1. Please compute the Cα-Cα pair-distance distribution of region 25-122 with 5 Å bins starting at 0, giving whole percents from short to long.
2. Please list, by residue number, every one of the trypsin sites (Lys or Arg not before Pro) in region 240-310 that is coil in DSSP and has at most 13 other beta-carbon atoms within 10 Å.
3. Give me the net charge for the shell around Glu74: Cβ to Cβ below 12 angstrom, other residues only, Lys and Arg +1, Asp and Glu -1.
4. Using the eigenvalues of the Cα gyration tensor, what equivalent ellipsoid semi-axes result for region 121-246 when each is taken as the square root of five times the eigenvalue, whole Å, largest first?
5. Cα gyration tensor of region 256-312, axes a ≥ b ≥ c as square roots of the eigenvalues: rounded (a/c below 1.5), prolate (a/b > b/c) or oblate?
6. So how strong a dipole does region 121-246 carry about its Cα centre when Lys and Arg Cβ are +1 and Asp and Glu Cβ are -1, to the nearest 20 debye?
7. I want the local charge near Ile137. Using Cβ-Cβ distances under 13 Å, sum +1 for each Lys or Arg and -1 for each Asp or Glu among the other residues.
8. Which one of Val67, Val225, Val56 has the biggest mean-square fluctuation once the chain is modelled by GNM with Cα springs under 10 Å?
Amino acid sequence: MLHSPTKFSLRSLAAATGLAVLLSSSAMAQSMPGEGINVVPLKSSIAEETFQTLLVMKALEELGYEVEDIKELEYAAGHVAIGNGDGTFLATHWDPLHIDFYKEAGGDEKIYREGIYSPGALQGYLIDKKTAEEHDITNLGQFKDPEIAKLFDNNGDGKADLSGCTPGWGCEKVIEHQLDAFELRDTVTHNQGSYSAIMADTITRYEQGEPIFYYTWTPYWVSGVMVPGEDVVWLNVPFSSLPGERQDVDTALPDGSNYGFQANNQRIIANREFAEANPAAAKLFSIMKLSSNDISAQNLKMRDGEDSEADMERHADAWIAAHQEQWNAWLDEARAAAEDAS
């Protein structure tokens, strides 16, 4: 009499299938540790910060996270949202420029901040090289002289017009503080509003051969259009003077220059509770790196007209393709962090 193998085979098949499902689920969990977890990216109103933010978003998506569209909040509100958990991450926290925002939003207790995303950002005041050389202007303190200030008067009121910083960015606090500290209120007007519109006007005046006086930072496209050392020059400040918690900080750079602002690092900050619950994302935030030159190059493309959402997506995808080996290594390290924590 032949024994039917049916019951044994079905039992074996069920066991094998169950094992395969478990192995598949385990592999999926390892490769997609963020599956089913929602992420809310934040950024300021500066369109040129989209590139840095998109790269982080794309990396999180490859780890399985459900990433929402970017929500725009200026820095102070953005830091509070991160601390409260209303936002997941901000890719452009400037350290130390935003230190007051960071502490007021809860600091280390509520916000995760590890690693440096993009190092060596500079800020300060610049004027056109032609006027600088003609009148031997090297220092912001010289603007106390009404005759020097008058050279940069755009509206006939006798005061220098500074193309300044948008309210809410953090740089405006430094500028306003320094106008008092350097006794420039009587000779300098700090023009604020839409930075991109103000700088478009400034560049037009430069192209027409007029003197210009403006605030900017690097990495940013402005210094690709008006190149420091060639078209424009950085101004030193009379002495170091910063507001808030940084009032005793020396802003001199290693080469002895003092532009009035500390050199900054751009860092990714995240809600601490999210970071502690998501070791893959936390590891990613701490190890991603982006050079200032790459940011400036992308920003210049935007200035030259490649500024649609599709353009910025394409720029981010091109950067990833050009750095694929490093990109894959970041993802592998993030996955390993999730596996180690499980």
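No lab work stands behind these numbers, since they all come straight from the coordinates. Bear in mind the structure is a predicted one, so any value in this text is a computation, not a measurement. Glycine gets a Cβ as well: all are built from the backbone with ideal geometry, and neighbour counts include every protein chain shown.
1. 2, 13, 22, 23, 20, 11, 6, 3, 1, 0
2. Numbers: sites: Arg246, Arg267, Arg272, Lys283, Lys289, Lys301, Arg303; in loops: Lys289.
Within region 240-310, the qualifying trypsin sites (Lys or Arg not before Pro) (loop, at most 13 other Cβ atoms within 10 Å) are Lys289.
3. Numbers: positive: Lys43, Lys71; negative: Glu49, Glu72, Glu172.
It works out to a net charge of -1.
4. Values: eigenvalues 76, 63, 42 Å².
Ellipsoid semi-axes (Å, largest first): 20, 18, 14.
5. Working: a/c = 2.86, a/b = 1.27, b/c = 2.26.
Oblate shape, in that a/c is at least 1.5 and b/c is the bigger or equal ratio.
6. Numbers: 9 positive and 20 negative charges, 64 e Å.
That gives region 121-246 a dipole magnitude of about 300 debye.
7. On the way: positive: Lys129, Lys130, Lys144, Lys150; negative: Asp128, Glu133, Glu134, Asp136, Asp145, Glu147.
That sum, taken over residues with Cβ under 13 Å, equals -2.
8. Maximum fluctuation in the GNM of the chain, among the listed residues, is at Val225.
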